[in-house]
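Comments concern the structure below.
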Amino acid sequence: MASGNNLAVEMKGITKRFPGVIANDRVDFELEKGEIHALLGENGAGKTTLMNCLYGFLNADEGEIFINNKKVEVTDPNVAINHGIGMVHQHFMLVPPFTVTENIVLGKEPTENNMIDYKTANQNVRDISKQYGLNVEPTAKVQDISVGMQQRVEILKALYRGADILILDEPTAVLTPQEVEELVKIMESLTDEGKSIIFITHKLKEVQSIADRVTVIRSGKLIDTVKTDTVTTNELANMMVGREVILEVEKEEANPGEVVLEVEDLYAKNDRDLMALNGTSFSVKRGEILGIAGVDGNGQTELTEVLTGLRKKEKGTIKFKGREITKPQTKRLFEEGISHIPEDRQKRGLIMEFKLYENLILGRHDRKPYASGLNLNNKKIKEEARRLIKEYDIRTPSETVQAKSLSGGNQQKLIIAREFDRKPDLLIAAQPTRGIDVGAIEYIHNSLIGQRDNNKAILLISLELDEILSLSDRVAVIYEGKIVDILDIEDATEEKLGLMMAGAESEEVKGGGQVG
């Protein structure tokens with residue numbers, strides 16, 4: 001335990017109840033001054049609820065909060081801000097058409113003659129960004145900057161309001177590996193300046209590399225608080241899940257068969273009418289996983305959308321099972337044997353207000369045995385839903401609850417159950433473990449390997465390099481919409497892939513060249 005004088009935050013016996021659920025059950029938490037403290041747990045464990053109580057978004061039903069050794073009543077976020085607490089949410093709370101400066105100073109704008117003084121505001125943003133090493137362009141519109149830059153804007157918003165205690169909720173969930181490295185440097189520089197950081201996550205590797213201490217919560221209860229240099233990732237995983245978790249993917253050597261998907265010289269535009277795919281070519285065979293590795297924004301999303309009929313191609317050839325697809329249509333592709341795990345499960349994968357049994361038959365809802373003419377066979381649909389829920393270990397009280405009531409990991413399992421049950425020849429898995437916890441990741445990885453071993457062709461598109469290296473049999477590196485090279489997994493090291501992802505030519509990587 002830290003001495004009382006060194007505590008920035010102390011939470012004692014925090015309990016928060018929702019109808020039918022105890023989200024936090026007498027949880028204790030301490031944050032030392034100048035430390036990075038990870039709050040670790042599965043989705044739905046109660047991490048964000050606990051921090052929402054600290055930030056005033058929620059009011060605890062029981063318990064006490066002390067800030068710098070003084071007991072406080074944090075009734076709303078304004079009170080938290082006045083006590084020097086800032087929170088950066090997983091889903092950024094920015095106004096896209098506004099500039100960086102306008103977002104940072106919103107509600108606390110400098111004025112002159114009853115008018116907003118934008119010159120002073122821009123200078124203030126430059127000063128504070130320089131002070132903390134958070135380089136941003138004050139006049140740029142938020143809608144035009146990268147996700148990593150948007151996160152910097154959120155952090156600067158909190159610092160501009162005088163935050164000494166920062167809560168970062170899943171800050172790496174939407175970042176590229178390079179942006180994660182930048183964030184770590186930013187966090188370390190902030191603690192060097194005397195700030196204290198609470199880092200909500202479920203990523204074990206990041207806990208080990210970033211945090212000084214870690215508190216593990218499971219099912220709303222405090223499991224333990226330990227120094228990160230005294231535990232292994234396996235021990236943390238076991239604490240999170242309550243059982244032994246196998247972190248390493250176990251798989252036999254692939255036995256690939258005939259080509260199922262062949263893409264040649266594919267071009268497609270993004271939403272800004274700029275070319276996102278620039279002559280992309282590759283193939284995927286039965287019984288193998290081809291991983292697509294690349295920094296976010298290099299055409300991965302557009303590639304997925306073209307292959308699933310959600311975006312038109314400008315030119316190029318797509319062949320599925322030897323037959324050219326001229327105008328891909330989503331429903332027809334699914335009927336012919338393509339399944340899709342989308343990168344955004346809530347936007348593309350599920351209808352959140354629909355019940356589980358309704359989501360599980362999407363795409364097959366108009367055919368037997370689920371429908372006869374215009375009439376749905378709800379008895380059969382619910383029967384099939386219960387089978388899939390059991391088979392795919394979807395944690396839910398009933399097949400009749402809405403999809404939005406599930407945790408992220410269980411929402412992902414819901415999609416996987418539906419897509420795998422279609423018995424596809426090709427599975428396109430885009431960011432299949434984004435934003436889910438270690439227990440669900442273990443399950444999904446094993447499921448993908450199982451599909452490969454069942455002679456399915458799998459195209460894996462992931463920003464997680466560890467995931468690409470663990471699951472893939474071959475790795476294709478995409479850069480600026482083009483495949484730089486395709487490597488057998490035994491030749492694909494993290495260093496090689498990193499260089500090519502940054503734009504190095506494959507010959508330069510093989511020759512030991514460096515990217516400037």
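From the list LEU277, LEU222, LEU236, which residue is outside the structural domain of ILE186 (by TED's automatic domain parsing), touching a residue at least 12 places away in the same chain (Cβ under 8 Å) and not in a loop (DSSP other than H, G, I, E, B)?
It is LEU277.
At least 1 residues that are without any contact (Cβ under 8 Å) to a residue 24 or more places away in the chain and among the aliphatic types (A, V, I, L, M) in each: list the helices (runs of 4 or more DSSP H) lying fully within the range 39-119 that qualify.
77-82
Tell me which helices (runs of 4 or more DSSP H) are completely within the range 292-382 and hold 2 or more residues being without any contact (Cβ under 8 Å) to a residue 40 or more places away in the chain and in contact with a strand residue (DSSP E or B) (Cβ under 9 Å, 6 or more places away or on another chain), or say none if there are none.
Answer list for the range 292-382: 330-336.
Taking VAL125, is it buried (at least 19 other Cβ atoms within 10 Å of the Cβ), outside any helix (DSSP H, G or I) and of a type in the set (A, V, I, L, M, F, W, C)?
No, not satisfied.
The rows are residues; the columns are (1) farther than 13 Å from LEU427 by Cα; (2) surrounded by 21 or more Cβ atoms within 10 Å (Cβ to Cβ); (3) of a type in the set (Gly, Ala, Ser).
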{"site": "GLU262", "(1), (2), (3)": "yes, no, no"}
{"site": "ASP265", "(1), (2), (3)": "yes, no, no"}
{"site": "ALA276", "(1), (2), (3)": "yes, yes, yes"}
{"site": "THR280", "(1), (2), (3)": "yes, yes, no"}
{"site": "ILE289", "(1), (2), (3)": "no, yes, no"}
{"site": "ALA293", "(1), (2), (3)": "yes, yes, yes"}
{"site": "GLN300", "(1), (2), (3)": "yes, yes, no"}
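Looking at ILE210, ILE198 in this structure, which one is modelled with pLDDT of 95 or more and closer than 29 Å to ALA23 by Cβ?
ILE198
Give the range 1-26 a look and list any residue that's within 19 Å of ALA80 (Cβ to Cβ) and either free of Cβ contacts under 8 Å to residues at least 24 places away in the same chain or in contact with a Cys (Cβ under 9 Å, 6 or more places away or on another chain) (or both), or say none.
MET11, ILE14, LYS16, ASN24 - these are the residues of the range 1-26 that are within 19 Å of ALA80 (Cβ to Cβ) and either free of Cβ contacts under 8 Å to residues at least 24 places away in the same chain or in contact with a Cys (Cβ under 9 Å, 6 or more places away or on another chain) (or both).
State which residue is nearest to SER339 (Cα to Cα) when the search covers only the range 409-450 and only residues that are in a loop (DSSP other than H, G, I, E, B) and among the acidic types (Asp, Glu).
Looking at residues that are in a loop (DSSP other than H, G, I, E, B) and among the acidic types (Asp, Glu), I get ASP425.
For the range 182-219, how many residues are among the charged types (D, E, K, R) and part of a helix (DSSP H, G or I)?
The total comes to 6.
Condition first: touching a helix residue (DSSP H, G or I) at 6+ places or on another chain (Cβ under 6 Å), under 15 Å from TYR55 (Cβ atoms) and assigned to a loop (DSSP other than H, G, I, E, B). Now tell me which residues in the range 128-170 satisfy that.
Of everything in the range 128-170, just one residue is touching a helix residue (DSSP H, G or I) at 6+ places or on another chain (Cβ under 6 Å), under 15 Å from TYR55 (Cβ atoms) and assigned to a loop (DSSP other than H, G, I, E, B), namely ARG161.
For (1) in the same structural domain as GLY148 (by TED's automatic domain parsing); (2) modelled with pLDDT of 90 or more; (3) surrounded by 16 or more Cβ atoms within 10 Å (Cβ to Cβ), each residue gets a yes or a no:
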{"site": "ALA60", "(1), (2), (3)": "yes, yes, yes"}
{"site": "LYS70", "(1), (2), (3)": "yes, yes, no"}
{"site": "ILE81", "(1), (2), (3)": "yes, yes, yes"}
{"site": "GLN90", "(1), (2), (3)": "yes, no, no"}
{"site": "GLU112", "(1), (2), (3)": "yes, no, no"}
{"site": "LYS119", "(1), (2), (3)": "yes, yes, no"}
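Can you tell which of VAL226, VAL249, VAL241 is over 23 Å from the mean Cα position of the chain (by Cα), farther than 21 Å from GLY133 by Cα and surrounded by fewer than 22 Cβ atoms within 10 Å (Cβ to Cβ)?
VAL226
If you check ALA23 against the conditions, is it crowded, with 20+ Cβ neighbours inside 10 Å and more than 28 Å from the chain's Cα centre (by Cα)?
So ALA23 fails the test.
Anything in the range 387-408 that is part of a helix (DSSP H, G or I) and crowded, with 17+ Cβ neighbours inside 10 Å? List them, or say none.
Across the range 387-408, the qualifying residues are LEU388, ILE389, ALA403, GLY408.
Condition (residue is among the hydrophobic types (A, V, I, L, M, F, W, C), more than 24 Å from the chain's Cα centre (by Cα), at negative phi and in the same structural domain as ILE441 (by TED's automatic domain parsing)) applied to the range 283-296: is it met by at least one residue?
Looking through the range 283-296, at least one residue is among the hydrophobic types (A, V, I, L, M, F, W, C), more than 24 Å from the chain's Cα centre (by Cα), at negative phi and in the same structural domain as ILE441 (by TED's automatic domain parsing).
The values are calculated or read from the model by the stated rules, or taken from the named source; none is laboratory data. Keep in mind that what you see is a predicted model, and the values were worked out from it rather than measured. Quick reminder, even Gly has a Cβ in these numbers, built from the backbone with ideal geometry, and neighbours come from all protein chains shown.
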